[in-house]
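A.B. asks: Before we start, here is the structure in question, set down as structure tokens.
The values are calculated or read from the model by the stated rules, or taken from the named source; none is laboratory data. Treat the numbers as computed from the prediction; the structure is a model and nothing was measured. Note that each Cβ is placed from the backbone with ideal geometry, even for glycine, and that neighbours are counted across all protein chains shown.
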Amino acid sequence: MLPPTAASPARRSVRTAAVLAALAALLLQPAGAAAYIGPGAGFAVLGSFAVLFVTMLLAGVSLLAWPFRMAWRALRRRGRTRPLVRRLIILGFDGQDPRITERLMAAGHMPNFTRLAAAGGYRRLRSTFPSITPVAWSTFTTGTNPGKHNIFDFLDRDPRTYLPRLSSTEIGAVDRVLKLGRLRIPLARPAIRLLRKSKPWWTILGEHNIWSTVIRVPITFPPDRFYGAQLGAMCIPDLLGTQGTFMLFSTRPGGEAFQEGGLRLPLARSGSPDSFEGVIEGPENSFLEGSPKMRLPLALALDRSAGRALVSVNGEAATLEPGVLSGWFRLEFRPIAGIKVAGLTRMMLTEMGEHVSLYLSPINIEPAKPAMPISHPGFYSAYLEKKIGPYATLGLAEDTWALNEKVTDDRTFWTQTADIDREREAMLFAALDTHRRGALVTVFDAADRVNHMYWRHTEDGHPAAPDGPDPEHADAIERQYRRNDEIVGRVMARLGEGDALWVLSDHGCTSFRRGVNLNAWLLEHGYLHLKEGADGSAQWLQSVDWSRTRAYAVGLVGVFLNLEGREAHGIVAPGAAAAALKAELKAGLDGLVDEEKAEVAVNEAFDTDLLYRGPYKGNAPDLLIGYNHGYRISWGCAAGVVAGPIFEDNTKAWSGDHIVDPRLVPGIFLANHPIDAADPAIVDLAPTALALFGLRPPPHMDGAPVVDPARFPNV
Amino acid sequence: MFDYTKVKLEKSLVERVRRFAEIAGYASPEEFITHALEKELAQLEEAGSEEEIKKRLQGLGYMS
Amino acid sequence: MKLVNDLLRPLFDLLQAPLAGLPALLGVLLWSIPVGIFALWVFGKTSNQRRIAEVKRRIHAGLFEIRLFNDDLRAILRAQWEILGWVLRYQGLALKPMIFILPPLVLVMAQLHQFYGFRGLAPGDEVQLTVQLPPGTAAGRRPELGLELPPGLRAELGPVWVPELAQASWLLAVEESGAHELRVVVDGTAVTKSLGATDRLLRLSPERPAPTFIGQLEWPSEPPTARRGPVLSISLGYPDGRIGVLGRDFEWRYAWMVVFFVLTMVVALALRKPMGVEL
């Protein structure tokens, strides 16, 4: 199903060399009947001798160049280091909650965690404000508070338009193009910029000639450039350029548009009653005037008696069974002759009765020939693909949204998540086997995704709880944590002398039963006003009258003041007036009660002026909302809808969350060495990593090492 | 994307930048200079076209 | 074997007929296309494609690994060692399809060798005719040797009898073009042998083979000599075939094979994607 593609110039030289080698082999053959064997043998010999030839050459060149490279590195190195460890291996389990972890450890269900804690130490790990993935991992990466790394939320708002935008990545447009009739030839690559600032600790290690392999640490798109290898993660887009758009082909007419993250596409009968066709909408073709979407026809033929279907796209076909996810299927779009843009998708027939529906996961950028920079060096993603097979590259690869929209189900989501988890594990072990010195970081996302999507199975009375008992998924979260424990066990088995092992999570998780619409609250209390005649149901704050609005909520974590000189239509004067308004809002939100449930919804609204320090703190929301257990910003508010009640039930599968008071959802930290700090925070880990390699943490870093270096004999 | 180019600055200015970069919490003088320029540019540059923005919004989705 | 040759002979004569007037290189090219496709198809059908793809992927991974860890000598050597292992596995995987590809290919090449391995004679050429008698049959005596030539051929010299080898030779001179048939008479028994004097790419028979399997495999153009007859085989010393590549003329009996081999490979490589075969 997935023919490897001509991946590299190395391949071309392989082919040339193959012909040469075959020729040589033939010339050396004795004359006579034996010569007839030539071409037959050619098929066997083809490539392989050539490959050997090329490897010898590569190895030879590498060996010859080695002394020069070493000399060059020694010249550029900033001072000598005395590492305290040979390797630092870091396993990140995004979102693994300490309460659940501790319960399972106490019950003996996580023996390897327990063993690791006994050999070194276990602590709860203070997360960042806010306790969400992009912020916390950026702090892990840079050893700084958000005021210095500039990531405060998933979304940032453009003060010129009040519209949300991705906080971590900016993809520019190409304005220099050559026009040839309908053709548009771009003369430059679009600039893709990482908006996370400051300096990753692996970059600092690299300046001292210490190699790091960094696999799927969030907020690494585009990837960092340093002495080492990195596979990017959040927020790598899909091939459509979005953060994940699934497709549902269906014969069902109409149907509501998905709120976010999905496309509903028609599936039409073609000829016989059991054959259908549809068109996959691909990325835009920027080579053509007007950038039309590239399209790939898809054909589906049902075999009702056998209960399966044959799907074909691009001349490739796969057999599908209803309710079973296919393997990775390669889609190839051709904007113009000679250029291919390839992606990977997984398909599933969701029904094949009277109506037929086919689900396609978001189209991941193909790692073997990525359409965007997803790794450093550029070929690292291709290397991993060759080493472990095709894998998900999308930042948020597990299709949470299709499950939210009930296009897929709990079982499919579990399969998808578990498969990605296994891909990740294969990457980790591929790196572990080749990595002799330096740092190796791998982040696993499954715990976070499973927390989010299966929390409703663990809590009686959750508004999103399944109708009846569902024994298959009741213990999904525990199963995932136990799997994490197995991964830790397998890594521990491969540790050697001088290897340090850390296991950590960036935050925990708690229940998300009720959504809070902060904009509705601001409207009700007169801080936000709607345009004449608007009912506030428009998305992205389109119905807000900015000339009378003093505060608004955008993104997932906070509230902004409509500040003069900062926002395009700001009306709040900076200084004393702004401070007074902030204090007033804080007083109103601190301890905000959900009357209907008689529960405190907001523990505290934090003044970010006091939380953050650093050059970028001006980009932060003015107030950060610390929700209580069970509460979070509502879906509507996150999409900029003002209308509706302030509090509402969350009935989506996405039923657990951690966008709450960060003190409620710390992460975990385990190490195979003692942890001297009593109350370590995620910001302390970068300085600790540097200290383990014998480096003094630079002054801009905020944390402090959590272990006394004197504990380590020099290696 | 990783394309860099060099710009000439007065030595004394760079020295001042270097001193204050650390105090302000930047990881390097380059980061300080980049940030200062970006802040200035943000005042001058227009936001993207409405269509572009809409497209970008569609791509956001909800996130954890 | 005789039956196979009897079937293949007219078939290849028919197929080669339109190519007889073309330059040898073009003929070889045209032959290499169906042969390449056939070999590719068989390879695709009989090999473990999934494993081959996997093994090739691992070889590529090894190449990338050398690039990635080029500061680490041990990693480079380890990657090289692993590549060697995967290459051996690849060779192993190619063995099975080889078993299926080789026999038909050998037959095809033996046939083509009759057209492209040798050059037809021209008026004025001289050619050596060698008759091999069964070793030992003529011990102690010189057999009765006779030669009956059709018009257009003339015996220049001979017969020369070499008792140690049990061989008799004549030197013939060609006077006219055409497909000639001559008769060698040994102790009263006549055996025929064809001789082609042509400038076209027609079937030549450098040897009328002995009735053995290998002999017939190698020289399929004429029926073998009779079992227990007085003559084992008869060979004609045709000049080597000629093939022009890039404006240069290569005159070597096996030159066409090299070209043919390279061309089949090129065809197979070019078509492996459209045909969906993992090589």
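A.B. asks: Please verify whether A:ALA681 is touching a strand residue (DSSP E or B) at 6+ places or on another chain (Cβ under 8 Å) and in the same structural domain as A:ALA446 (by TED's automatic domain parsing), treating the condition exactly as stated. Walk me through how you get there before you give the answer.
C.D. replies: Values: touching a strand residue (DSSP E or B) at 6+ places or on another chain (Cβ under 8 Å): yes; in the same structural domain as A:ALA446 (by TED's automatic domain parsing): yes.
So A:ALA681 passes the test.
A.B. asks: Then there is this: With the requirement that a residue be among the aliphatic types (A, V, I, L, M) and at the interface with another protein chain (Cβ under 7 Å from one of its Cβ atoms), what does segment C:62-82 give you?
C.D. replies: Looking only at segment C:62-82, we keep the residues that are among the aliphatic types (A, V, I, L, M), and these are C:63, C:66, C:68, C:73, C:75-77, C:79.
C:LEU63, C:ILE66, C:LEU68, C:LEU73, C:ALA75, C:ILE76, listed by residue number.
A.B. asks: Quick check on this structure: which one of A:GLY92, A:GLY108 is at positive phi, assigned by TED's automatic domain parsing to the domain that holds A:LEU205 and not in a helix (DSSP H, G or I)? Write out each step before concluding.
C.D. replies: Details: A:GLY92 fails: at positive phi.
Unique residue meeting the criteria: A:GLY108.
A.B. asks: Check A:HIS507 against each of (1) crowded, with 24+ Cβ neighbours inside 10 Å; (2) more than 14 Å from chain B (Cβ to nearest Cβ); (3) touching a residue at least 40 places away in the same chain (Cβ under 8 Å); (4) not charged (D, E, K, R) and name the one condition it does not meet.
C.D. replies: Only one criterion in (1) crowded, with 24+ Cβ neighbours inside 10 Å; (2) more than 14 Å from chain B (Cβ to nearest Cβ); (3) touching a residue at least 40 places away in the same chain (Cβ under 8 Å); (4) not charged (D, E, K, R) is unmet by A:HIS507, namely (2).
A.B. asks: Okay, next question. Name the pairs: first residue in segment A:103-122 and over 20 Å from A:GLY508 (Cα atoms), second residue loosely packed, with under 14 Cβ neighbours inside 10 Å, Cβ to Cβ under 9 Å, at least 6 apart or on different chains?
C.D. replies: Going by the 9 Å Cβ cut-off, the qualifying pairs are A:GLY120/A:PRO674.
A.B. asks: Is at least one residue of segment A:167-189 more than 18 Å from the chain's Cα centre (by Cα) and buried (at least 22 other Cβ atoms within 10 Å of the Cβ)? Before the answer, list the steps.
C.D. replies: Going through segment A:167-189, the residues more than 18 Å from the chain's Cα centre (by Cα) turn out to be A:172-189.
Imposing the further condition that a residue be buried (at least 22 other Cβ atoms within 10 Å of the Cβ) reduces the set to none.
The answer is no, given that none of the residues of segment A:167-189 is more than 18 Å from the chain's Cα centre (by Cα) and buried (at least 22 other Cβ atoms within 10 Å of the Cβ).
A.B. asks: Can you name the residue in segment A:660-701 that is of a type in the set (D, E, K, R) and crowded, with 21+ Cβ neighbours inside 10 Å and, of all such residues, is nearest to A:SER198 (Cα to Cα)?
C.D. replies: The first filter runs over segment A:660-701 and keeps only residues of a type in the set (D, E, K, R), leaving A:661, A:663, A:676, A:679, A:684, A:696.
Among the residues that remain, those that are also crowded, with 21+ Cβ neighbours inside 10 Å are: A:661, A:684.
Working: A:ASP661: 26, A:ASP684: 15 Å.
It comes out as A:ASP684.
A.B. asks: Go through segment C:224-246 and count every residue that is part of a loop (DSSP other than H, G, I, E, B) and on the phi < 0 side of the Ramachandran plot. Break it down stepwise before answering.
C.D. replies: Taking segment C:224-246 first, the residues part of a loop (DSSP other than H, G, I, E, B) are C:224-232, C:237-239, C:241, C:246.
Going one step further and asking which of them are on the phi < 0 side of the Ramachandran plot, we end up with C:224-227, C:229-232, C:237-239, C:241.
So the count comes out to 12.
A.B. asks: Out of A:LEU265, A:LEU302, I need the residue that is in contact with a Ser or Thr (Cβ under 8 Å, 6 or more places away or on another chain), under 30 Å from A:ARG182 (Cα atoms) and outside any loop (DSSP other than H, G, I, E, B). Which one? Quick ask: steps written out before the conclusion?
C.D. replies: Details: A:LEU302 fails: under 30 Å from A:ARG182 (Cα atoms).
Only one candidate qualifies: A:LEU265.
A.B. asks: Please count how many residues of segment C:251-266 are part of a helix (DSSP H, G or I) and either assigned by TED's automatic domain parsing to the domain that holds C:GLU218 or closer than 15 Å to C:LEU25 by Cα (or both).
C.D. replies: Residues of segment C:251-266 part of a helix (DSSP H, G or I): C:255-266.
Subset that is either assigned by TED's automatic domain parsing to the domain that holds C:GLU218 or closer than 15 Å to C:LEU25 by Cα (or both): C:255-264, C:266.
The number of residues fulfilling the criteria is 11.
A.B. asks: Provide a single number: the residues in segment A:433-456 that are under 20 Å from A:THR510 (Cα atoms) and of a type outside the set (Asp, Glu).
C.D. replies: Residues of segment A:433-456 that are under 20 Å from A:THR510 (Cα atoms), as a first pass: A:444-456.
Narrowing further to those that are of a type outside the set (Asp, Glu): A:444, A:446-447, A:449-456.
Of the residues in that region, 11 qualify.
A.B. asks: Filter segment B:9-31 down to residues that are outside any loop (DSSP other than H, G, I, E, B) and away from chain A (no Cβ under 11 Å), then give me how many there are.
C.D. replies: Number satisfying all stated conditions: 10.
A.B. asks: Assess whether A:GLU385 counts as being crowded, with 24+ Cβ neighbours inside 10 Å, under 25 Å from A:ARG483 (Cβ atoms) and modelled with pLDDT of 95 or more. Steps first, please.
C.D. replies: On the way: crowded, with 24+ Cβ neighbours inside 10 Å: yes; under 25 Å from A:ARG483 (Cβ atoms): yes; modelled with pLDDT of 95 or more: yes.
So A:GLU385 passes the test.
A.B. asks: Further, regarding this structure: More than 14 Å from chain C (Cβ to nearest Cβ), closer than 22 Å to A:PHE93 by Cα, surrounded by fewer than 24 Cβ atoms within 10 Å (Cβ to Cβ) and of a type in the set (D, E, K, R): is that true of A:ASP399 in this structure?
C.D. replies: Details: more than 14 Å from chain C (Cβ to nearest Cβ): yes; closer than 22 Å to A:PHE93 by Cα: yes; surrounded by fewer than 24 Cβ atoms within 10 Å (Cβ to Cβ): no; of a type in the set (D, E, K, R): yes.
No.
A.B. asks: Something else now. Suppose we filter segment A:596-639 for residues that are in contact with a strand residue (DSSP E or B) (Cβ under 8 Å, 6 or more places away or on another chain) and without any contact (Cβ under 8 Å) to a residue 24 or more places away in the chain; how many remain?
C.D. replies: So the count comes out to 0.
A.B. asks: Does A:LEU501 qualify as being surrounded by 17 or more Cβ atoms within 10 Å (Cβ to Cβ) and assigned by TED's automatic domain parsing to the domain that holds A:VAL557?
C.D. replies: On the way: surrounded by 17 or more Cβ atoms within 10 Å (Cβ to Cβ): yes; assigned by TED's automatic domain parsing to the domain that holds A:VAL557: no.
Criteria not met by A:LEU501.
Per-residue answers, yes or no, for (1) more than 14 Å from chain B (Cβ to nearest Cβ); (2) in contact (Cβ under 8 Å) with a residue 40 or more places away in the chain; (3) surrounded by 24 or more Cβ atoms within 10 Å (Cβ to Cβ):
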position	(1), (2), (3)
A:GLU207	no, yes, no
A:TRP211	yes, yes, no
A:VAL217	yes, yes, yes
A:PHE221	no, yes, yes
A:ASP224	no, yes, no
A:GLY228	yes, yes, yes
A:ALA233	no, yes, yes
A:ILE236	no, yes, yes
A:GLY244	no, yes, yes
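A.B. asks: Specify which of the listed residues (A:SER547, A:SER634) is within 23 Å of A:HIS452 (Cα to Cα) and assigned by TED's automatic domain parsing to the domain that holds A:VAL660. Before the answer, list the steps.
C.D. replies: Details: A:SER547 fails: within 23 Å of A:HIS452 (Cα to Cα).
Step by step, each of A:SER547, A:SER634 is checked, and only A:SER634 is within 23 Å of A:HIS452 (Cα to Cα) and assigned by TED's automatic domain parsing to the domain that holds A:VAL660.
A.B. asks: Can you find a residue in segment A:215-227 that is touching a Ser or Thr at 6+ places or on another chain (Cβ under 7 Å), closer than 29 Å to A:CYS637 by Cβ and in a helix (DSSP H, G or I)?
C.D. replies: No, because not a single residue in segment A:215-227 is touching a Ser or Thr at 6+ places or on another chain (Cβ under 7 Å), closer than 29 Å to A:CYS637 by Cβ and in a helix (DSSP H, G or I).
A.B. asks: Which ones in segment A:447-491 are in contact with a Phe, Trp or Tyr (Cβ under 6 Å, 6 or more places away or on another chain), within 14 Å of chain B (Cβ to nearest Cβ) and of a type outside the set (A, V, I, L, M)?
C.D. replies: Across segment A:447-491, the qualifying residue is only A:HIS452.
A.B. asks: Could you check, for segment C:218-232, whether at least one of its residues is crowded, with 21+ Cβ neighbours inside 10 Å, within 14 Å of chain A (Cβ to nearest Cβ) and over 18 Å from C:ALA166 (Cα atoms)?
C.D. replies: yes
A.B. asks: A further question on this structure: Give the residue, chosen from A:GLY254, A:GLY290, that is assigned to a loop (DSSP other than H, G, I, E, B), without any contact (Cβ under 8 Å) to a residue 24 or more places away in the chain and away from chain B (no Cβ under 12 Å). Write out each step before concluding.
C.D. replies: Details: A:GLY290 fails: away from chain B (no Cβ under 12 Å).
Exactly one of A:GLY254, A:GLY290 is assigned to a loop (DSSP other than H, G, I, E, B), without any contact (Cβ under 8 Å) to a residue 24 or more places away in the chain and away from chain B (no Cβ under 12 Å), namely A:GLY254.
A.B. asks: If you don't mind, there's one more thing I want to ask. Among (1) basic (Lys, Arg); (2) under 16 Å from the mean Cα position of the chain (by Cα); (3) within 13 Å of chain A (Cβ to nearest Cβ), which single condition is C:ARG272 missing?
C.D. replies: Single failed check for C:ARG272: (2).
A.B. asks: OK, next. From the list C:VAL191, C:VAL106, exactly one residue is closer than 30 Å to C:ALA20 by Cβ, within 14 Å of chain A (Cβ to nearest Cβ) and surrounded by fewer than 21 Cβ atoms within 10 Å (Cβ to Cβ). Which is it?
C.D. replies: After applying the criteria, what remains is C:VAL106.
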